[in-house]
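Peer 1: Sharing a structure with you now.
The values are calculated or read from the model by the stated rules, or taken from the named source; none is laboratory data. Everything numeric in this text was worked out from a predicted model, so none of it was measured. All Cβ positions, glycine included, derive from the backbone under ideal geometry; neighbour counts span all protein chains shown.
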């Protein structure tokens, strides 16, 4: 074979291989994620947590979430799953400052590092701003947990045998878990379970709603208070904001 | 000089015993992976705070080894150093196998290894873990074509594909570094990781190749010119210095910048991983081998070269550990002005310990790859009959000279 002819042929071969390898990219690039329910169309969900109203010994939101989402509790800090959890904090200065109780959940970042990281787009951001995991596609590589700077992701290290809420799914082991603002409830026009529980006991520390609508409860609270997200300097633009942090 | 390649005989008892041991290791690894697949990966030492453990450490380690062994073949195929031709086939074969080892490690680590084809259907062009499989798969393909070309003695194809392979290898290692470098965690986030991954890959890969070659030539009783090994040792010395330079810059920057000072102090003086860093990477893995290989008296002695190669491979394994683990045990401080009094999750600094099942998995990968390597030596003509430094007279000739020679031989 002549050198020139050979070069030509190998060039064609390489280009062909490259095209073949790039083919799967096309549908991936063309696909956009749509929200089906009219209850969520055009919305941008967000939450404000008023720490002045959140009692230290109250776990109403945690219990409601656990029940609603069939969240596994294995009795071991290494593997327990918390879609919403509470930490008790104290200011460093002055030393005698009071303790505050802070509910932590997925921040549903506008720029979510977990969704960037996911190799199969199992974690993605819906058009209404919710960051959600497709448990049927996830391969369990845990890169999202590595990428999330907020420790908001938990992994089903063990099989979960409890299934109190048969209306909602239960995860098998091998996939990660995080808060999805109870997307299944939002799609039906209901509020997230934690928010509903907080309202039921009349604490009203969790304020949830549409950030796009200036008349919504959450927008009014943001307009009238000094709110901030956790470590906004990460540039992730959290949509869970706090009063009194 | 023409290099003759042949298969190894593989009829001795030791050969069969070796294959049997490797097969047992492979089965043990498969068993551990099966248990984890059925019961969940809580059997590993990983937790909600440490989602990546031993398999990821080893995967990036193997990927590094893969590049290094490719370099040896490029010495011959790109730089025309014909004295390294005897090693070319083995090194590309190993490069391919190490990449398989890396992929096996990663896939056995997944929570859902049954969904192995999902990454092919659903690419995420933004994800480093999606870009990398693409790089790895094409790299394996290139390695196979490269091997085939060398077996068929297609010199021109080898000359074309060798630079492609090396350039692609650089992409593979930059991409692997980016898996960690492009993550918003204080001890991961770094633009230096991709290039420093290449450096560590070159040093560990060259060191391991030297060891493999020495061992193979000794076990199969083939003549190996010590000067060749000495030259590779000198090359290794340069790679060690480059790795140390990257490590120095990275840590100096971390300590200097107020935002990462605390994380840098934790990295250097914060627990077990600091011992791995100072003892494993810096002293044993870099300084000692560098002293040996830069000392004209010791670099000429094969036992000393073996010692330094073992230390370098160990050092880079330590480096992989301190890339993967401390970045997780040290989480970003979510509340900089607060103290965490209590939490349902382990906050602050945590620790990671390797579990029995993880070790089994790791041994399994070694078993599978070792089995394939030994069997490959028996099935394919990979072992050169001898390897020696070429004299001036029969060193590389320019293509025109070679053609002249051919004409003369044809004419005669």
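Peer 1: Taking the stated definitions as given, is residue B:99 surrounded by fewer than 21 Cβ atoms within 10 Å (Cβ to Cβ) and assigned to a helix (DSSP H, G or I)? Even if it seems obvious, please write down each step before you answer.
Peer 2: On the way: surrounded by fewer than 21 Cβ atoms within 10 Å (Cβ to Cβ): no; assigned to a helix (DSSP H, G or I): yes.
Here the answer is no, as residue B:99 does not meet what is asked.
Peer 1: Taking residue A:196, is it over 21 Å from residue A:102 (Cβ atoms) and touching a residue at least 24 places away in the same chain (Cβ under 8 Å)? Step through it out loud before you land on a result.
Peer 2: Numbers: over 21 Å from residue A:102 (Cβ atoms): no; touching a residue at least 24 places away in the same chain (Cβ under 8 Å): yes.
No.
Peer 1: Moving on to the next point. Does at least one position in the stretch B:272-284 carry a residue that is within 12 Å of chain A (Cβ to nearest Cβ), under 28 Å from residue A:81 (Cα atoms), touching a helix residue (DSSP H, G or I) at 6+ places or on another chain (Cβ under 7 Å) and modelled with pLDDT of 90 or more?
Peer 2: No: the stretch B:272-284 contains no residue that is within 12 Å of chain A (Cβ to nearest Cβ), under 28 Å from residue A:81 (Cα atoms), touching a helix residue (DSSP H, G or I) at 6+ places or on another chain (Cβ under 7 Å) and modelled with pLDDT of 90 or more.
Peer 1: Going by the structure shown, is residue A:73 in the same structural domain as residue A:143 (by TED's automatic domain parsing) and modelled with pLDDT of 95 or more?
Peer 2: no
Peer 1: In addition: Scan the strands (runs of 3 or more DSSP E) fully inside the stretch A:81-148 and keep the ones with 2 or more residues being over 30 Å from residue B:175 (Cβ atoms).
Peer 2: Details: elements: A:84-91, A:99-105, A:123-125, A:131-133.
Fully inside the stretch A:81-148 and qualifying: A:84-91, A:99-105.
Peer 1: Sticking with this structure for a sec: Can you tell which of B:126, B:144, B:104 is more than 8 Å from every other protein chain (Cβ to nearest Cβ) and farther than 27 Å from residue B:358 by Cβ?
Peer 2: B:144
Each row is one residue, and each column tells you yes or no for (1) modelled with pLDDT of 90 or more; (2) over 21 Å from the mean Cα position of the chain (by Cα); (3) under 28 Å from residue B:29 (Cβ atoms).
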| site | (1), (2), (3) |
| --- | --- |
| B:55 | yes, no, yes |
| B:61 | yes, no, yes |
| B:88 | no, no, no |
| B:94 | yes, no, yes |
| B:112 | yes, yes, yes |
| B:127 | yes, yes, yes |
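Peer 1: Can you tell me which residues in the stretch A:169-204 are over 19 Å from residue A:46 (Cβ atoms) and assigned to a helix (DSSP H, G or I)?
Peer 2: Matches in the stretch A:169-204: A:200 only.
Peer 1: Of the residues that make up the stretch A:86-99, is at least one in contact (Cβ under 8 Å) with a residue 60 or more places away in the chain, at the interface with chain B (Cβ under 8 Å from one of its Cβ atoms) and surrounded by 15 or more Cβ atoms within 10 Å (Cβ to Cβ)?
Peer 2: Step one: filter the stretch A:86-99 for residues in contact (Cβ under 8 Å) with a residue 60 or more places away in the chain, giving none.
Within the stretch A:86-99, not a single residue is in contact (Cβ under 8 Å) with a residue 60 or more places away in the chain, at the interface with chain B (Cβ under 8 Å from one of its Cβ atoms) and surrounded by 15 or more Cβ atoms within 10 Å (Cβ to Cβ).
Peer 1: Residue under question is residue B:36, and the condition is that it be in a helix (DSSP H, G or I), crowded, with 21+ Cβ neighbours inside 10 Å and over 16 Å from the mean Cα position of the chain (by Cα); does it hold?
Peer 2: yes
Peer 1: Here are some conditions: (1) more than 10 Å from chain A (Cβ to nearest Cβ); (2) free of Cβ contacts under 8 Å to residues at least 12 places away in the same chain; (3) buried (at least 23 other Cβ atoms within 10 Å of the Cβ). Residue B:79 meets all but one. Which one does it not meet?
Peer 2: (3) is the only condition that residue B:79 fails.
Peer 1: Right, another one. Pick from the stretch A:133-143 the residues that are in contact (Cβ under 8 Å) with a residue 24 or more places away in the chain and out of contact with any helix residue (DSSP H, G or I) (no Cβ under 6 Å at 6 or more places or on another chain): which of them is nearest to the other protein chains (Cβ to nearest Cβ)?
Peer 2: A:140
Peer 1: Looking only at the stretch A:160-183, which residues are free of Cβ contacts under 8 Å to residues at least 40 places away in the same chain, surrounded by fewer than 16 Cβ atoms within 10 Å (Cβ to Cβ) and touching a helix residue (DSSP H, G or I) at 6+ places or on another chain (Cβ under 9 Å)?
Peer 2: A:167, the sole residue that qualifies.
Peer 1: Quick one: residue B:115 ticks every box in (1) facing chain A (nearest Cβ under 8 Å); (2) touching a helix residue (DSSP H, G or I) at 6+ places or on another chain (Cβ under 9 Å); (3) free of Cβ contacts under 8 Å to residues at least 40 places away in the same chain bar one, so which box is it?
Peer 2: Every condition holds for residue B:115 apart from (2).
Peer 1: Turning to a different aspect of this structure: Residue by residue through the stretch B:288-326, note down the ones that are part of a helix (DSSP H, G or I), free of Cβ contacts under 8 Å to residues at least 12 places away in the same chain and in contact with a helix residue (DSSP H, G or I) (Cβ under 9 Å, 6 or more places away or on another chain).
Peer 2: The one that is part of a helix (DSSP H, G or I), free of Cβ contacts under 8 Å to residues at least 12 places away in the same chain and in contact with a helix residue (DSSP H, G or I) (Cβ under 9 Å, 6 or more places away or on another chain): B:291.
Peer 1: Can you tell me which residue is modelled with the highest pLDDT among those in the stretch B:202-228 that are assigned to a helix (DSSP H, G or I) and touching a strand residue (DSSP E or B) at 6+ places or on another chain (Cβ under 9 Å)?
Peer 2: By that ranking, first place goes to B:214.
Peer 1: While we're looking at this one, here's another question. Anything in the stretch B:153-185 that is surrounded by 22 or more Cβ atoms within 10 Å (Cβ to Cβ) and part of a loop (DSSP other than H, G, I, E, B)? List them, or say none.
Peer 2: B:183
Peer 1: Another question about this same structure. If I filter the stretch A:144-157 for residues that are over 25 Å from residue B:104 (Cα atoms), free of Cβ contacts under 8 Å to residues at least 60 places away in the same chain and more than 16 Å from the chain's Cα centre (by Cα), do I get at least one hit?
Peer 2: No, because not a single residue in the stretch A:144-157 is over 25 Å from residue B:104 (Cα atoms), free of Cβ contacts under 8 Å to residues at least 60 places away in the same chain and more than 16 Å from the chain's Cα centre (by Cα).
Peer 1: While we're here: I'm trying to understand the selection: among the residues of the stretch B:327-346, which are free of Cβ contacts under 8 Å to residues at least 24 places away in the same chain and either at positive phi or at the interface with chain A (Cβ under 7 Å from one of its Cβ atoms) (or both)?
Peer 2: Result: B:334, B:335, B:337, B:338, B:339, B:340, B:341, B:342, B:343, B:344.
Peer 1: Can you spot a residue in the stretch B:356-378 that is in a loop (DSSP other than H, G, I, E, B) and either surrounded by fewer than 18 Cβ atoms within 10 Å (Cβ to Cβ) or at pLDDT 95 or above (or both)?
Peer 2: No, that holds for no residue.
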